[in-house]
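**Q** I have a structure here, written as structure tokens, and I will follow up with some questions on it.
What follows draws every value from the coordinates through simple rules; no lab data is involved. From a predicted model like this one, the values you see are computed outputs, not experimental measurements. Using ideal geometry, Cβ is built from the backbone for each residue, glycine included, and neighbour counts are taken over all protein chains shown.
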Amino acid sequence: MRLALLGCGTVGSEVVRLLHEQSADLAARIGAPLEIAGIAVRRVGRDRGDLPVDPALFTTDPLGLIKRDDVDVVVEVVGGIEPARGWLVEALRAGKSVVTANKALLAEDGAALHDAAAEGGADLYYEASVAGAIPLLRPLRDSLHGDRINRVTGIVNGTTNFILSAMDATGAGFAEALEEATELGYAEADPTADVEGFDAAAKAAILASLAFHTRVTAADVHREGITEVTAADVASARAMGCTIKLLCIAARGADAEGRETVSVRVHPAMIPLTHPLASVGDAFNAVFVEAEAAGQLMFYGRGAGGAPTASAVLGDVVAVARNRLAGARAASESAYADLAVRPMGEALTRYHISLDVADRPGVLEAVAGVFARHEVSIATVRQGPAGGGPAGRGSDAELVIVTHVAPDAALAATVRELRGLDIVGSVTSVLRVEGGQ
Ligand code: NDP
Ligand code: HSE
């Protein structure tokens with residue numbers, strides 16, 4: 001079994017190392033030796049330390065490598081949309097099995113890859129693209145195929161989970177926690193993809209596609225990052241027995257006509273400390289799946305890093321290599337349900353709203369009236385001195401209101417109207433609440 005490796009960076013170099021260290025076991029598990037036919041990189045002359053590989057295998061010609069007759073399996077760990085899409089479409093159409101960790105490409109144009117795989121009769125595996133080492137996509141794609149998944153809620157970005165966990169543990173602000181994440185090597189020099197939620201949104205699209213048998217792209221995912229989360233938000237969450245996490249949520253629902261739909265979103269949210277995802281700290285990932293017959297399932301582990309991600313890549317390599325030796329192919333993409341993706345405004349959620357108001361008769365009634373006009377039901381109200389200062393300091397008060405479940409558009413319109421009331425000094429924090437009753 002001959003393998004073309006595209007990319008030899010953080011993940012690719014660990015793939016090479018594991019292929020070398022485990023070669024005898026891998027050969028026994030597959031039923032044939034696994035050899036590297038070539039490694040495509042950008043810079044052949046780059047210092048790759050003591051990587052256990054023949055330097056003659058390196059090339060800057062990925063397409064030439066893919067097209068070689070002796071290549072059976074293509075492993076892509078370069079990343080990005082192009083030229084990776086062109087390479088993988090070429091490989092799949094030529095009937096070569098593909099293993100990729102490229103979440104950005106799968107979320108942007110997974111259809112091109114699945115169509116090419118069907119055309120070439122080839123396997124397309126991508127376990128490493130979501131939640132690194134955690135076996136998650138194959139359980140969704142195989143083990144749970146007899147069940148009906150209703151909801152997937154996940155922490156799928158390690159960098160932001162590290163930042164939010166640090167803010168929760170130390171009371172630090174976002175900028176300070178990001179600095180620590182950068183110093184420790186969790187956050188990249190340009191952290192935009194992580195902190196603005198793009199990385200999590202790509203993973204949400206891949207999860208939703210598999211869970212609901214529907215093609216969902218990154219463009220279908222409502223996305224908000226964590227840059228606006230403040231130390232005060234985190235303290236407010238704590239006061240309610242909650243913590244703040246960047247969640248990806250993919251859920252079934254129905255539109256106004258009762259037709260089944262899905263909603264897919266990524267945003268920071270408060271979750272109760274009793275929720276299984278609340279205890280997922282540091283840079284770990286976890287995904288909570290709710291299925292009709294199986295009930296609640298939780299998948300937990302390392303979502304990034306060279307070796308953990310390479311573990312998922314090699315698991316896929318063994319699977320596709322076995323299939324090739326058996327002359328078989330895994331089940332192709334399942335997108336038969338073709339459910340419509342609902343806009344964020346129709347997603348059902350709850351809000352936690354903090355606002356500074358004038359402390360005088362009739363204020364509570366006016367505030368409650370805004371909620372009533374938008375048909376948003378209030379679950380709890382807490383009043384204290386404004387800005388958390390000493391009681392009786394002045395004439396202002398802080399109101400903290402938590403709602404029952406309502407369409408996101410109604411909740412957003414409520415907040416907009418509250419901001420316009422002259423009795424409201426400022427709306428100091430708005431966060432969604434998930435995972436409660
Ligand atoms: P790196 O940036 O560390 O490595 C990229 C590799 O691709 C390098 O070897 C680089 O060559 C090579 N490369 C870049 N452009 C080209 C090109 N045009 N032609 C040929 N080779 C090229 O990336 P990672 O290993 O971190 O990530 C790889 C993939 O894995 C991405 O899709 C990423 O999203 C995904 N992933 C990464 C995780 C992680 O923890 N790092 C976790 C989960 C998924 P050279 O060495 O010469 O620079
Ligand atoms: N930047 C990602 C994270 C890497 O922080 O989880 C894995 O996709």
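**Q** Could you pull out every one of the lysines with an alpha carbon less than 28 Å from that of residue 245, ignoring same-chain neighbours closer than 8 positions?
**A** Filter leaves 103, 203.
**Q** Multiply the residue gap between residue 239 and residue 24 by 0.36 nm, knock off their C-alpha separation, and tell me the result in nm, one decimal place. Walk me through the numbers on the way to the answer.
**A** Working: separation 215, 0.36 × 215 = 77.40 nm, distance 5.48 nm.
Additional length available on full extension: 71.9 nm.
**Q** Select from 108, 417, 365 the residue whose mean-square fluctuation is largest in a Gaussian network model of the chain (Cα-Cα springs shorter than 10 Å).
**A** 365
**Q** Using the alpha-carbon centroid of each, what span in Å lies between segment 290-317 and segment 109-154?
**A** Taking the Cα centre of each part, segment 290-317 and segment 109-154 sit 11 Å apart.
**Q** Treating cross-link reach as a plain straight distance, find the lysines whose alpha-carbon is under 18 Å from the alpha-carbon of residue 67, omitting any fewer than eight places away in the same chain.
**A** By straight Cα distance, residue 67 reaches 96.
**Q** I'd like to know which of 262, 235, 285 lies farthest towards the positive end of the charge dipole of segment 137-302, counting +1 on Cβ of Lys and Arg and -1 on Cβ of Asp and Glu.
**A** About the Cα centre, the residue reaching furthest to the positive side is 262.
**Q** Whole Å is fine, so just give me how far the alpha carbon centre of segment 163-196 lies from that of segment 28-94.
**A** Using only Cα atoms, the two centres lie 34 Å from each other.
**Q** Show me the GluC sites (Glu not before Pro) within segment 199-289 that DSSP assigns to loop and that have at most 14 other Cβ atoms within 10 Å of their Cβ.
**A** 228, 257
**Q** Now for a separate question. Where does segment 1-51 land on Rg/Rh, using Cα atoms and the Kirkwood Rh? Please list the in-between numbers first.
**A** On the way: Rg = 11.7 Å, Rh = 11.7 Å.
Dividing the radius of gyration by the Kirkwood radius yields 1.00.
**Q** Here's a follow-up. Build a GNM of the chain with springs between Cα atoms under 10 Å: which of 425, 154, 79 gets the top mean-square fluctuation?
**A** The residue with the greatest mean-square fluctuation here is 425.
**Q** Helix 408-420 against the longest principal axis of the chain: what's the angle in degrees, Cα atoms only, rounded to the nearest 10?
**A** The helix 408-420 is inclined about 40 degrees to the chain.
**Q** Here's a follow-up. What does the C-alpha gyration tensor say about the overall shape of segment 186-276? Classify as rounded when a/c is under 1.5, otherwise prolate if a/b is larger than b/c, or oblate.
**A** oblate
**Q** I've got another one for you. Taking a ≥ b ≥ c as the square roots of the Cα gyration tensor eigenvalues, with a/c under 1.5 meaning rounded and otherwise prolate when a/b beats b/c, else oblate, which class fits the chain?
**A** Prolate, since a/c reaches 1.5 and a/b exceeds b/c.
**Q** Turning to a different aspect of this structure: Return the sequence-ordered ³J(HN,Hα) values of segment 12-19 in whole Hz as given by the Karplus equation 6.51 cos²θ - 1.76 cosθ + 1.60 applied to θ = phi - 60°, using x for Gly and Pro.
**A** Couplings: x, 5, 6, 4, 4, 4, 5, 4 Hz.
**Q** Count the net charge of all other residues whose Cβ sits under 13 Å from the Cβ of residue 81, scoring Lys and Arg as +1 and Asp and Glu as -1.
**A** Taking every other residue near residue 81 into account, the sum is -2.
**Q** Report, by chain and number, residues whose modeled amide H sits under 5 Å from the one on residue 359, excluding near sequence neighbours (fewer than 5 apart, same chain).
**A** 396, 397
**Q** With a 10 Å cut-off between alpha carbons and a GNM built on the chain, which of 56, 118, 358 moves the most?
**A** Ranking 56, 118, 358 by mean-square fluctuation puts 56 first.
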